[in-house]
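The values are calculated or read from the model by the stated rules, or taken from the named source; none is laboratory data. Computed from a prediction, not measured in an experiment: that's the story for all the values here. Positions of Cβ are generated from backbone atoms using ideal geometry, with glycine treated the same way; all protein chains shown enter the neighbour counts. These area figures cover heavy atoms from the full protein model, side chains too; ligands, DNA and RNA do not enter into them. Shrake-Rupley method; radii C 1.70, N 1.55, O 1.52, S 1.80 Å.
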Amino acid sequence: MSNFNELAESVISGNFGRVKEITQEMINKGVEPLQIINDGLIAGMNVVGVRFKAEDMFVPEVMMSAKAMAGGMELVKPLIAETEMPSVGTVVLGTVKGDLHDIGKSLVAMILESGGFKVINLGTDIAPEGFIKAIREHKPQIVGMSALLTTTMLNMKATIELLKEEGLRDQVKVIIGGAPVSQSFAEEIGADGYGSDAMVAKDLCIKLVGKAS
Amino acid sequence: MLIIGELINTSRKAINEAVENRDVEYIQRIAREQVEAGANYVDVNCGTMVFDEVETMEWLVNTVQEAVQAPLCIDSPNPRAIEAGLTLARYGQPLINSITGENERYNEILPLVLKYKTKVVALCMDDSGMPETAEDRMQVGRNLHQRLTEAGVAEDDIYFDPLVKPVSTGDKAGLEVLDTVKLITEEFPNVHKVCGLSNVSFGLPNRKILNQLFMVQTMTMGMDSYILNPLDTTMMGYAQASATLLGKDPYCMNYLNVHRKGLYDK
């Protein structure tokens, strides 16, 4: 058990090398891969999430932790069949058309991944059609859109309209985020939720898929 | 040094409320306080009002100009809202925030710069995306400089914004900006350089400290204009002291004025 604690602690402190070491040791000893993920890697990242929310940890530290966790995941993943990978749900994420802001959206992707979500990060400047294509391909429960510009935030509305036209609106929950958008904007354009930061976005996703991580 | 007062922006909650309620008194008070605190330009941004931005811009410009006679920085991603603001702008030479090297944006904004003979903030980005390094920024900057000056925009009316990104998500984000400002200053000594300060500190604690120091560092490299909150007396005091130390304040008169206004009193 103490090993899991140490693994979690190494994720929390963002110690990439140590996380890989412990994970490899555990694999060598025959520890169940899913247990390494749940009791070690994700357990650590959950603490990071809580501390980040409490402003006890900050963005660069969260990034280090996420990177350390990814280092461990990389070793464990090949040992698990795709179907057995624990996943709270699938989220398609992108910054909307005309908008090149990447940082906030990628932070959200990182936090969601570390919360057990499978994240399809489409990148920036994604047209409504791009979201539709990804939704058809990946069948996510949730699609998340980011915009940092007041001109591009209306492309969130355009994407929702196209979802309706394509008959996909009932199949996914739509969440939005970014500096110029708000809860009231989300309601105005018919989105299912608004996340003011990455942690809020994660909680929102958990609520929307109706499961706890 | 040009100080552009950033407070009248509907992405700020109090302003959003005041605009929605058409609260003339509040908007005018914020405009007046900024000018009294030393803002040379008053920024007007109602970009979050996506459904009636043009009408809101008209109302804001008129409301602000009833209170202060300062030139305005018309700040919007929407060319129609910018033109609505420029049509009404009465005092001094307005400043457009902003043009970029993106073709669509450039072609929409340039005619407004020429028609209304404005100053313009030129963001160092183009259709190839957000620049990473100082050299990336310089390439966009050179290109913009050439196109703008060939179109007849005076160098003195161009304000390059190097595009400030958070240091929390990229260790070199601050340094790249400092390098860019230095390079622009060397290559184009007659253009101006402007930036906002709060992006740099995103995701970190004690943001004010980082913002203040970044102001001093960028000014040392040649930045000569800032979009900031002029009611932040510490920031304003530092800005003046920094300019004085950089030899931009004959006989330290501005520094002494700021001292007498009490900005350094704790």
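Observations
- Within the stretch A:167-183, restricting attention to residues that are among the polar types (S, T, N, Q) and within 14 Å of chain B (Cβ to nearest Cβ), the residue that is most open to solvent (accessible area, probe 1.4 Å) is A:GLN183.
- Count of the stretch A:73-88 residues, restricted to those that are in contact with a Lys or Arg (Cβ under 7 Å, 6 or more places away or on another chain) and either aromatic (Phe, Trp, Tyr) or in contact (Cβ under 8 Å) with a residue 40 or more places away in the chain (or both), is 2.
- Taking the stretch B:1-20 as the range and being open to solvent by 30 Å² or more (accessible area, probe 1.4 Å) and either touching a Gly at 6+ places or on another chain (Cβ under 6 Å) or of a type in the set (Ser, Thr, Tyr) (or both) as the test, only B:SER11 passes.
- Of the numbered criteria (1) more than 14 Å from chain A (Cβ to nearest Cβ); (2) among the aromatic types (Phe, Trp, Tyr); (3) closer than 19 Å to A:LEU149 by Cα, the one B:TRP59 fails is (3).
- Within the stretch B:203-232, the set of residues being within 14 Å of another protein chain (Cβ to nearest Cβ) and crowded, with 20+ Cβ neighbours inside 10 Å comprises B:GLY203, B:LEU210.
- Residues in the stretch B:121-147 that are farther than 16 Å from B:GLU176 by Cβ and surrounded by 22 or more Cβ atoms within 10 Å (Cβ to Cβ): B:VAL121, B:ALA122, B:LEU144.
- So A:MET57, is it within 14 Å of another protein chain (Cβ to nearest Cβ) and under 30 Å from B:MET125 (Cα atoms): no
- Top-ranked residue of the stretch B:170-202 - restricted to ones that are crowded, with 19+ Cβ neighbours inside 10 Å and among the hydroxyl-bearing types (Ser, Thr, Tyr), ranked as farthest from B:LYS119 (Cα to Cα): B:SER201
- Residue tally, condition open to solvent by less than 30 Å² (accessible area, probe 1.4 Å), under 25 Å from A:THR150 (Cβ atoms), modelled with pLDDT under 95 and of a type outside the set (A, V, I, L, M, F, W, C), over the stretch A:83-139: 3
- Checked against the criterion of being more than 13 Å from chain B (Cβ to nearest Cβ), over 22 Å from B:LYS13 (Cβ atoms) and either under 22 Å from the mean Cα position of the chain (by Cα) or open to solvent by less than 20 Å² (accessible area, probe 1.4 Å) (or both), the candidates A:LYS207, A:LYS164 yield just one match: A:LYS207.
- Some residue of the stretch A:20-40 being charged (D, E, K, R), at pLDDT below 95 and closer than 15 Å to A:ALA198 by Cβ: no
- Among the residues making up the stretch B:1-25, those that are out of contact with any helix residue (DSSP H, G or I) (no Cβ under 9 Å at 6 or more places or on another chain) and part of a loop (DSSP other than H, G, I, E, B) are B:SER11, B:ARG12, B:ASN21.
- Where A:ASN155 falls short, out of the listed (1) assigned to a helix (DSSP H, G or I); (2) more than 14 Å from every other protein chain (Cβ to nearest Cβ): (2)
- Residues that are in contact with a Ser or Thr (Cβ under 9 Å, 6 or more places away or on another chain), without any contact (Cβ under 8 Å) to a residue 40 or more places away in the chain and within 12 Å of chain A (Cβ to nearest Cβ) within the stretch B:72-103 comprise B:SER76, B:PRO77, B:ASN78, B:ALA81, B:ILE82, listed in sequence order.
- Checking the stated criteria, B:ALA81 turns out not to satisfy the condition of being aliphatic (A, V, I, L, M) and more than 27 Å from B:ILE3 (Cβ to Cβ).
- Some residue of the stretch B:104-118 being more than 25 Å from B:GLY141 (Cα to Cα), within 14 Å of another protein chain (Cβ to nearest Cβ) and not hydrophobic (A, V, I, L, M, F, W, C): no
- Given (1) more than 14 Å from chain A (Cβ to nearest Cβ); (2) among the aliphatic types (A, V, I, L, M); (3) touching a residue at least 24 places away in the same chain (Cβ under 8 Å), index of the condition B:LEU163 fails: (1)
- Identity of the residue in the stretch A:24-59, among the polar types (S, T, N, Q) and closer than 29 Å to A:GLY104 by Cβ, that ends up most open to solvent (accessible area, probe 1.4 Å): A:ASN38
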